[in-house]
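In what follows, a single structure is set out as structure tokens and then discussed.
The values are calculated or read from the model by the stated rules, or taken from the named source; none is laboratory data. In this text the structure is predicted, and so the values were computed from the model without any measurement. Cβ atoms come from the backbone with ideal geometry, glycine included; neighbour counts cover every protein chain shown. Only protein heavy atoms, including side chains, enter the accessible area calculation; ligands, DNA and RNA are left aside. Shrake-Rupley method; radii C 1.70, N 1.55, O 1.52, S 1.80 Å.
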Amino acid sequence: MKGLISVISCIDSLRADFVLACRRLGGSKVTSSAAILSLALGIGASLAAFQLIDALLLRPLPIASPDRLYALSRREFPENGPPTTRDNWPYPLYQQMRAAVSHQATLLAISFAERVEITFGSDPQMERAHLQYVSGNMFDAFGLSAASGRLLSPHDDVQPGAHPVAVLSYDYWSRRFARDPRVIGRTFRITNNLTGTRIYQVVGVAGAGFTGVEPGKVVDIFLPAMMHWGMGYPDWLLFRTFVRLEPGIAAAPVRDHLSAIVQAYNESKANREKQRLEMDPAPAGVSDMQKNYRTSLAALGALVGLVLLIACANVANLMTAQAAARAREMALRVSIGAARGRLAQLVLVEAAIIGVSASAVGWCFAQWAAPLVLRRVNPPDDPARLSLAIDWRVLAFAACLALSVSLLFGLAPALRASAIRPLEALKGADDPHSRARWMRALIALQAAFCFVVLFAAGLFVATFDRLHNQPNGFSTERILNIDVVNPKNELAALWDQVTDHLRSIPGIQSVAYADWPLLDGWGFKINAISIDGGPPSEVGAWFLNVSPGWFDTVKIPFIAGRDFRPADLSPGAAIVNQAFVRQFFPRENPLGRWFEGTSGWMRGQRFQIVGLVEDARYRYLRQPVLPVAYTPFRRNQPEGTMQGGTLVVRTSTANPRALASILRQEIPRARPEFRVSNMRTEQELIDSQTTRERLLAMLARFFGVVALLLAGVGLYGVLDYSVWQRRREIGIRMALGAKPRDLVVRVTARVFSMVLVGALAGLAIGLASGRYIEPLLYHVRSTESPVLMIPCLAILGAALLAALPAVLRAVKIDPAALLRAE
């Protein structure tokens, strides 16, 4: 009974404190709103960052026992160059590994999700879908069931090209077909450069929730691994390999067994490069987006955490100032018998109201911010897709965040309130300097965190600026790349008919064609070439088939030699860049020399160098310039060229997109066999490669401004409190003839010294943490003068602006009026 009475009494005291705290907060609406909004911004940003981290890195796949899923990769240690990690494997090696550990684990070959053009039934219009080639036993190994029809089975994955069947994901079935059960049995076509046109039949729909093993991409269609377009090339690295351990089997013995298989395979291929097999847990799947954004999300989380700490310091200073104003009230409460614990409870309840209110507003902000950030990850025509559904991890994080924030800014004022000395406080003899020291310490902390945020923002902004504006070796203006698919191997002469027709369209300056555009991520490399019949080289070379006039269209200047002529064939003629000459013909004239491929299907194909051009970036902006040999698009085989390519159109108008609809109509009008699958300007390709850098620069700039604003508000609050606390002293000094300059120094000196201490601490933290974000930077050093000067100047400017109102208030104090009031 006593226990029940105690609980009721406790609840009643909490109710009373809650009502009193609400009244006090309502009495200072502006101050309370500022505190809640500043905290809400930090909490909301933290929640949004965690939602993205959870969806991309933490959330397990919707399969049975995801903790038993591992991903295989190999760490390669080349003699010349840094170590690299690769997770794609040749299919023959996968088959050997699968057989070797069949009693301990199930191995699964799953290709990289790719976006392709498909055509359903007799529909003339192509549509895009993400598809993935998977082992026939994947659905069974993952414990998945069919929502309609059947799933893939091992029988579908026995012989290359033998079973053209497909399973739709539940998400795609819902979006594209509105869950129509009649989709079972329908057919669709896929045209590929290597396999031609294949017709697939839909045999089933996977259960709800499963959309592949690549977070960031939602797979629409699953096909058998044996239907992969590259299955005819056994040395190609086409598949990721997943290991699903049997219950009770440890990972280490399986990894050691597989490592021996990989080593034996490499020895059979005369591959002497040092490698180490790695088998990492993959309960959340594996994707390139995880690799590309893991460090970025960590950096983003650190930035929002610092902003949240700055906001907490602001609110802590606010509550400390309010506690000073309420010192007599607290002392009176103790004098009439209030328990000191009750005083601490009153302050903590007030902090909890602010924390919970800020968390509620921050939750709404996070639900808007997380999808916004996600939409900016990929280009609009191929957005990243993550499930941002609220799960128990997000709810637990939100609850812990609200509790931690409330304690962080409310605990110190609560302890100070409970330690008040009634006699000294009622006499006005309570020591105000201890509060001032505490508030100045928080200002130093804010300055340090603000400097770190601004320092990181400077690094990210400089990285984006240098990556985006670096010279690429060719003109990107007014270029429209049109990806074209044709169902048959069309002769190059037909491509010429299309280009001739397009040149007659008003607004078109020049037209050429190639296998693919520059800087779209595609590339072709052979591991070694032979120079003038010599031994194979130790390094490889990159290739790109282009048409006559292509160099003029993209504005890559010639240094020597000539462009391709209509009669030039591949193999036969070649034009090389400066990096190719530096690699294979150092300090020699390459014109007239020849080289040939020494591996794969290019073995024995001989090329004579007829031209030398300046360097141009080939695949990625971050890559150094590669040694590239440009070869004629027209081949000397009877079947002509590959099924598809890219028309490169330079327009005379500033916006090449303005002619996109006309070109889409005119291309099939020139040759009905040619179908447009995609259109991208060259600038869009460059923008797609700077998405991460642009996103980090944008968010870091935003959080830098917010951190600076919050730090300025906090500094203003401390200076204002300092003037209020020392108003009698200031009045006496003014009455004795003190100059305004001396008063300004006395008011601001201690606070500005703490700002300086905090900035120096922030500089040290920034320089020490620079190495952790180094993978995100590009040609930027943390010790560069602009990177260091911008935070210093920004904090100095914010400090001066924040000090101005307090200084004006100090110099306007009327000593006579102050003494009369006392």
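Within region 472-485, does at least one residue satisfy the condition of being closer than 30 Å to LEU647 by Cβ, modelled with pLDDT under 85 and not in a helix (DSSP H, G or I)? Yes, the conditions are met somewhere in region 472-485. For region 654-706, give me the residue count where each residue is within 14 Å of PHE460 (Cβ to Cβ), touching a residue at least 24 places away in the same chain (Cβ under 8 Å) and either in contact with a Lys or Arg (Cβ under 7 Å, 6 or more places away or on another chain) or part of a helix (DSSP H, G or I) (or both). So the answer is 13.
Whenever a residue of region 148-170 is of a type in the set (Phe, Trp, Tyr), its partners that are open to solvent by less than 30 Å² (accessible area, probe 1.4 Å) and part of a loop (DSSP other than H, G, I, E, B), lying with C-beta atoms within less than 8 angstrom and at least six residues away or across chains, give the pairs TYR170/GLY207; TYR170/PHE210.
Does ILE63 qualify as being open to solvent by less than 50 Å² (accessible area, probe 1.4 Å) and part of a strand (DSSP E or B)?
Details: open to solvent by less than 50 Å² (accessible area, probe 1.4 Å): yes; part of a strand (DSSP E or B): no.
No; evaluated as a whole, the condition is false for this residue.
Take the conditions in contact (Cβ under 8 Å) with a residue 24 or more places away in the chain, within 25 Å of the chain's Cα centre (by Cα) and open to solvent by 80 Å² or more (accessible area, probe 1.4 Å) and apply them to PRO775. Does it pass? The answer is yes for PRO775. Screening LEU374, LEU415, LEU411 for residues that are open to solvent by less than 50 Å² (accessible area, probe 1.4 Å) and at pLDDT 65 or above leaves exactly one candidate, LEU374. The test for being more than 18 Å from VAL453 (Cα to Cα), acidic (Asp, Glu) and crowded, with 19+ Cβ neighbours inside 10 Å holds for GLU682. Within region 232-253, being among the aliphatic types (A, V, I, L, M), within 15 Å of GLN95 (Cα to Cα) and open to solvent by less than 30 Å² (accessible area, probe 1.4 Å) holds for LEU238, VAL243. If the condition is being open to solvent by 90 Å² or more (accessible area, probe 1.4 Å), touching a residue at least 60 places away in the same chain (Cβ under 8 Å) and either outside any helix (DSSP H, G or I) or among the acidic types (Asp, Glu) (or both), then region 778-801 contributes only HIS779. Taking the criterion of being under 30 Å from VAL307 (Cβ atoms) and among the hydroxyl-bearing types (Ser, Thr, Tyr), the only residue of region 40-86 that qualifies is SER46. On the stretch given as region 254-278, residues that are over 25 Å from ASP140 (Cα atoms), assigned to a helix (DSSP H, G or I) and either open to solvent by 70 Å² or more (accessible area, probe 1.4 Å) or not hydrophobic (A, V, I, L, M, F, W, C) (or both) total 7. Considering every residue within region 698-708, establish whether at least one is over 30 Å from VAL610 (Cα atoms), touching an Asp or Glu at 6+ places or on another chain (Cβ under 9 Å) and surrounded by 15 or more Cβ atoms within 10 Å (Cβ to Cβ). Within region 698-708 (the criterion being over 30 Å from VAL610 (Cα atoms), touching an Asp or Glu at 6+ places or on another chain (Cβ under 9 Å) and surrounded by 15 or more Cβ atoms within 10 Å (Cβ to Cβ)), the answer is no, since none of the residues qualifies. Checking each residue in region 180-200 for being out of contact with any Phe, Trp or Tyr (no Cβ under 6 Å at 6 or more places or on another chain) and more than 13 Å from ILE118 (Cβ to Cβ) picks out ASP180, PRO181, ARG182, ILE184, GLY185, ASN193, GLY196.
Among the residues of region 204-252, write down those that are more than 30 Å from ASN266 (Cα to Cα), of a type in the set (A, V, I, L, M) and out of contact with any Pro (no Cβ under 9 Å at 6 or more places or on another chain). ALA206, VAL218, VAL219, ILE221, listed by residue number.
Restricting the search to region 583-597, which residues are open to solvent by 30 Å² or more (accessible area, probe 1.4 Å) and under 13 Å from ALA528 (Cβ atoms)?
GLN583, GLU596
Restricted to region 243-253, and to residues there that are part of a loop (DSSP other than H, G, I, E, B) and either touching a residue at least 12 places away in the same chain (Cβ under 8 Å) or under 35 Å from the mean Cα position of the chain (by Cα) (or both), the residue that is nearest to MET138 (Cα to Cα) is GLU246. Does ARG86 qualify as being out of contact with any Gly (no Cβ under 6 Å at 6 or more places or on another chain), modelled with pLDDT under 90, under 16 Å from ILE261 (Cα atoms) and of a type outside the set (Val, Ile, Thr)? No, not satisfied. When the residues of region 81-102 are filtered to those that are free of Cβ contacts under 8 Å to residues at least 40 places away in the same chain and part of a loop (DSSP other than H, G, I, E, B), the one that is nearest to MET138 (Cα to Cα) is SER102.
Every residue, every condition in (1) open to solvent by 40 Å² or more (accessible area, probe 1.4 Å); (2) touching a Lys or Arg at 6+ places or on another chain (Cβ under 7 Å); (3) among the aromatic types (Phe, Trp, Tyr), yes or no:
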position: VAL167; (1), (2), (3): no, no, no
position: TYR170; (1), (2), (3): yes, no, yes
position: PHE177; (1), (2), (3): no, no, yes
position: THR187; (1), (2), (3): yes, no, no
position: VAL202; (1), (2), (3): no, yes, no
position: GLY212; (1), (2), (3): no, no, no
position: PRO215; (1), (2), (3): no, no, no
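Within region 723-776, the residues that satisfy the criterion of being part of a loop (DSSP other than H, G, I, E, B) and either modelled with pLDDT of 75 or more or charged (D, E, K, R) (or both) are ARG726, LYS739, ILE773. Taking region 482-509 as the search range and keeping residues that are open to solvent by less than 20 Å² (accessible area, probe 1.4 Å) and of a type in the set (S, T, N, Q), which one is farthest from the chain's Cα centre (by Cα)? So the residue we want is THR499.
For region 607-644, a residue qualifies if it is at pLDDT 90 or above, charged (D, E, K, R) and open to solvent by 60 Å² or more (accessible area, probe 1.4 Å), and exactly one does: GLU614. When region 130-157 is filtered for residues that are out of contact with any helix residue (DSSP H, G or I) (no Cβ under 7 Å at 6 or more places or on another chain), within 20 Å of GLN201 (Cα to Cα) and crowded, with 20+ Cβ neighbours inside 10 Å, the ones remaining, listed by number, are HIS130, LEU131, GLN132, MET138, PHE139, ASP156.
Of all the residues in region 263-289, those that are at pLDDT below 90 and within 16 Å of PHE242 (Cβ to Cβ) number 1.
On inspection, ARG198 passes the criterion of being surrounded by fewer than 20 Cβ atoms within 10 Å (Cβ to Cβ), free of Cβ contacts under 8 Å to residues at least 40 places away in the same chain and not small (Gly, Ala, Ser).
Tell me which residues, restricted to region 279-312, are assigned to a helix (DSSP H, G or I) and of a type in the set (Gly, Ala, Ser).
Pass one, region 279-312, residues assigned to a helix (DSSP H, G or I): 288-312.
Selection gives SER296, ALA298, ALA299, GLY301, ALA302, GLY305, ALA311.
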